[in-house]
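The next block holds one structure in the form of structure tokens; read it before the comments.
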Amino acid sequence: MPLVSIKEVHKSFGKLEVLRGVSLDVKKGEVVCIIGPSGSGKSTLIRCINGLNDIQKGSITVEGQEVNDPKLDKLALRKKVGIVFQQYNLFPHKTALENVMMAPVKVLKEPKREVEERARALIAKVRLSGKEDVYPGHLSGGQQQRVAIARSLAMRPDVMLFDEVTAALDPETVKEVLLTIKELAAEGMTCILVTHEMGFAREVADHVYFTDRGVIVEHGPPEELFTQAKDERTQRFLSQIF
Amino acid sequence: MRALAKPFRIDVEAVSSFLPSRALRGWHGILLLALFLASLAIATAHAQSGAAAGPPSPLATLVEWIPFILRGFLLNLGMSFLAMAIATVLGIGLGLLQLSRSRFLSLPAWLVTHLFRNSPWLVILFVVMLLVPFELQLPGGGTFIMSDWLKATFAFSLPVMANVSEIVRGAIVSIPKGQWESAESLAFTHGQTLRWIILPQCVKRAIPPWMNWYALLTMATPMASILGVREAVGNGQAAMEAAGARPELLVPFYLFLLLLFFAYIYPISIWTRMIERKYAVDS
């Protein structure tokens with residue numbers, strides 16, 4: 001059974017239909033990249049997986065649990081699914097360490113001592129040891145984004161969503177964030193990424209989906225999609241990038 | 001020299017660095033009050049040394065009545081604290097209600113906020129005086145006496161409540177939507193998000209305007225004297241009456257009252273500016 005299963009999903013904002021029948025499956029431990037031109041519905045799709053956006057038609061399940069079930073236990077879903085945003089969205093009134101500790105302590109009510117130990121280990125893991133007591137405003141974009149990754153991991157999710165996490169970063173800090181994600185993928189974390197970093201997608205993804213105007217145009221293993229794209233829209237998009 | 005040449009021009013260089021606190025510090029109000037009282041004491045001593053029969057000098061009269069006026073001032077302070085506490089609690093609630101998803105909550109909250117923000121305090125004071133009964137029946141069976149000063153306190157709390165409501169609403173709206181989204185994604189409930197993430201960020205933004213309204217509130221409390229509440233200004237007037245209602249008493253008495261309020265409120269406004277600047281630097 002796939003960890004995340006998306007079937008025939010339709011989603012509109014008012015009259016504008018952003019997703020028009022999207023289906024994709026993600027198996028445990030798999031790294032999936034979603035690429036495509038802006039406005040193709042990539043970010044909307046990823047936000048539907050953890051219920052930040054609702055859908056009008058179709059089904060999304062995470063570990064067999066229907067995301068759009070009105071009776072859904074949102075807490076259970078959000079413990080399973082972590083998300084990292086383009087704009088980091090760290091809590092500016094809390095230090096890096098507090099940002100990472102907050103959800104496990106306040107939401108899961110786990111003992112503070114235990115959480116702090118785990119949070120320090122996570123901050124070390126994203127290579128930010130020494131920055132525990134620094135406020136987000138004094139960290140670079142890349143550092144903030146890595147704290148955001150650690151913050152999500154502190155909830156021990158089964159799948160991580162990355163929504164264009166490097167799009168707002170200075171070029172020199174992009175690398176450190178990608179490296180962190182790569183290590184995470186290598187450890188077997190299931191990852192779904194919306195990204196414009198084609199080189200990165202090619203390197204880490206097990207499977208790449210190309211979306212355009214709310215549909216999946218084409219998908220396959222990266223070496224196949226990037227070198228022998230069949231659809232004309234995919235070819236045009238890739239030729240503009242490379 | 002430039003300042004002398006064209007005195008009515010704005011000093012552009014000073015605009016960015018201008019600090020009134022540099023010219024007049026917080027404790028200068030207290031100093032002014034002390035100087036005023038010292039000069040009173042000297043003048044009184046002079047007058048008495050060469051005193052003949054007749055009414056005491058205006059200054060001697062003032063000195064005699066100062067303890068009475070200060071006792072009234074304590075009531076001004078008490079009213080300002082209590083009204084601010086009421087205004088803060090109700091104002092935060094009202095501000096949150098203004099942002100409610102339900103129109104049945106947000107619309108009345110909006111109406112109440114704007115009604116009290118945009119009416120004269122004196123009129124609100126009269127309306128409260130007339131509408132609030134002298135005795136309130138408590139649900140437990142007892143009665144609660146609404147004395148005039150309590151009614152006035154409640155009346156003053158209403159416009160401040162409305163302004164606190166707007167401060168809270170504005171502060172919440174200014175928090176980026178991403179904060180709500182990331183909290184939601186980390187499984188925070190709506191209430192937890194407000195409690196742990198949104199409101200703590202609002203406090204910083206809200207404190208300077210909140211303090212500003214406290215200063216305005218304190219300055220408004222003498223209005224209660226119109227209704228016979230025995231606060232500083234009311235006591236001052238009563239004292240002048242008792243001393244024979246001589247016209248020469250007016251200036252020293254009101255000057256004293258002015259300096260009394262200034263000495264208390266000016267440090268608060270300086271403090272507010274300092275906090276404002278500190279947070280501006282922080283963020």
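Those residues that are under 25 Å from A:R146 (Cβ atoms), charged (D, E, K, R) and part of a loop (DSSP other than H, G, I, E, B), I need them from the stretch A:53-109; list them, please. Passing the criteria: only A:K94. Do we have any residue at all in the stretch B:257-278 that's among the aromatic types (F, W, Y), surrounded by fewer than 18 Cβ atoms within 10 Å (Cβ to Cβ) and touching a residue at least 40 places away in the same chain (Cβ under 8 Å)? Yes, because at least one residue in the stretch B:257-278 is among the aromatic types (F, W, Y), surrounded by fewer than 18 Cβ atoms within 10 Å (Cβ to Cβ) and touching a residue at least 40 places away in the same chain (Cβ under 8 Å). Of the residues contained in the stretch B:201-223, none is found to be crowded, with 19+ Cβ neighbours inside 10 Å, in contact (Cβ under 8 Å) with a residue 24 or more places away in the chain and more than 27 Å from B:I270 (Cβ to Cβ). Please determine, by comparing only the residues of the stretch A:73-93 that are aliphatic (A, V, I, L, M) and out of contact with any strand residue (DSSP E or B) (no Cβ under 9 Å at 6 or more places or on another chain), which one is nearest to the other protein chains (Cβ to nearest Cβ). Going through the qualifying residues, I end up with A:L75.
Within the stretch A:157-175, the residues that satisfy the criterion of being charged (D, E, K, R) and surrounded by fewer than 19 Cβ atoms within 10 Å (Cβ to Cβ) are A:D158, A:D170, A:E172, A:K175. Within this structure, B:F188 passes the test of being within 14 Å of chain A (Cβ to nearest Cβ) and among the aromatic types (F, W, Y). Just checking, does the stretch A:32-48 include any residue being surrounded by fewer than 17 Cβ atoms within 10 Å (Cβ to Cβ) and touching a Phe, Trp or Tyr at 6+ places or on another chain (Cβ under 9 Å)? Yes. Got at least one residue in the stretch B:186-200 being modelled with pLDDT under 95, surrounded by fewer than 21 Cβ atoms within 10 Å (Cβ to Cβ), at positive phi and in a loop (DSSP other than H, G, I, E, B)? No, the conditions are met nowhere in the stretch B:186-200. Number of residues in the stretch A:201-226 that are in contact (Cβ under 8 Å) with a residue 60 or more places away in the chain and assigned to a helix (DSSP H, G or I): the value is 3.
Conditions tested, residue by residue: (1) closer than 30 Å to A:A148 by Cα; (2) away from every other protein chain (no Cβ under 11 Å); (3) assigned to a loop (DSSP other than H, G, I, E, B).
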{"position": "B:V127", "(1), (2), (3)": "no, yes, no"}
{"position": "B:F144", "(1), (2), (3)": "no, yes, no"}
{"position": "B:A152", "(1), (2), (3)": "no, yes, no"}
{"position": "B:M161", "(1), (2), (3)": "no, yes, no"}
{"position": "B:R169", "(1), (2), (3)": "yes, yes, no"}
{"position": "B:G178", "(1), (2), (3)": "yes, no, no"}
{"position": "B:E184", "(1), (2), (3)": "yes, no, no"}
{"position": "B:Y214", "(1), (2), (3)": "no, yes, no"}
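Which residue pairs have Cβ atoms closer than 7 Å, lie 6 or more positions apart in sequence or on different chains, and pair a first residue in the stretch A:1-29 that is touching a residue at least 12 places away in the same chain (Cβ under 8 Å) with a second residue that is of a type in the set (F, W, Y) and surrounded by 14 or more Cβ atoms within 10 Å (Cβ to Cβ)? Every condition considered, the pairs that remain are A:L24/A:Y209. Do we have A:A229 as among the hydrophobic types (A, V, I, L, M, F, W, C), part of a loop (DSSP other than H, G, I, E, B), modelled with pLDDT under 95 and in contact with a strand residue (DSSP E or B) (Cβ under 9 Å, 6 or more places away or on another chain) here? Yes.
Scanning the stretch A:141-168 for residues that are away from chain B (no Cβ under 12 Å), assigned to a loop (DSSP other than H, G, I, E, B) and of a type outside the set (S, T, N, Q) gives A:D158, A:E164, A:V165, A:A167. Among residues that are in a helix (DSSP H, G or I), among the hydroxyl-bearing types (S, T, Y) and under 30 Å from A:L108 (Cα atoms), A:S239 is not included. Out of B:F104, B:F68, one residue alone is modelled with pLDDT of 90 or more and over 29 Å from the mean Cα position of the chain (by Cα). It is B:F104. The condition of being of a type in the set (G, A, S) and either under 24 Å from A:V18 (Cα atoms) or surrounded by fewer than 21 Cβ atoms within 10 Å (Cβ to Cβ) (or both) holds for only one of A:A121, A:A154, that being A:A121.
Can you report the number of residues in the stretch A:31-70 which are within 14 Å of another protein chain (Cβ to nearest Cβ), of a type in the set (D, E, K, R) and free of Cβ contacts under 8 Å to residues at least 60 places away in the same chain? The qualifying residues number 1.
Listed here are the residues, each with its yes/no results for (1) acidic (D, E); (2) in contact with a Gly (Cβ under 9 Å, 6 or more places away or on another chain); (3) surrounded by fewer than 17 Cβ atoms within 10 Å (Cβ to Cβ); (4) modelled with pLDDT under 90.
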| site | (1), (2), (3), (4) |
| --- | --- |
| B:A83 | no, no, no, no |
| B:L94 | no, no, no, no |
| B:S100 | no, no, yes, no |
| B:H114 | no, no, yes, no |
| B:R117 | no, no, yes, no |
| B:F126 | no, no, yes, no |
| B:E135 | yes, no, yes, yes |
| B:G140 | no, no, yes, yes |
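The set of residues in the stretch A:94-111 being within 14 Å of chain B (Cβ to nearest Cβ), free of Cβ contacts under 8 Å to residues at least 40 places away in the same chain and either in contact with a Gly (Cβ under 7 Å, 6 or more places away or on another chain) or not β-branched (V, I, T) (or both) consists of A:E98, A:K106, A:K109, A:E110.
The values are calculated or read from the model by the stated rules, or taken from the named source; none is laboratory data. Remember, predicted model here, so these are calculated numbers, not experimental data. Methodologically, a virtual Cβ is constructed for each residue, glycine included, from the backbone with ideal geometry; neighbour enumeration extends over all protein chains shown.
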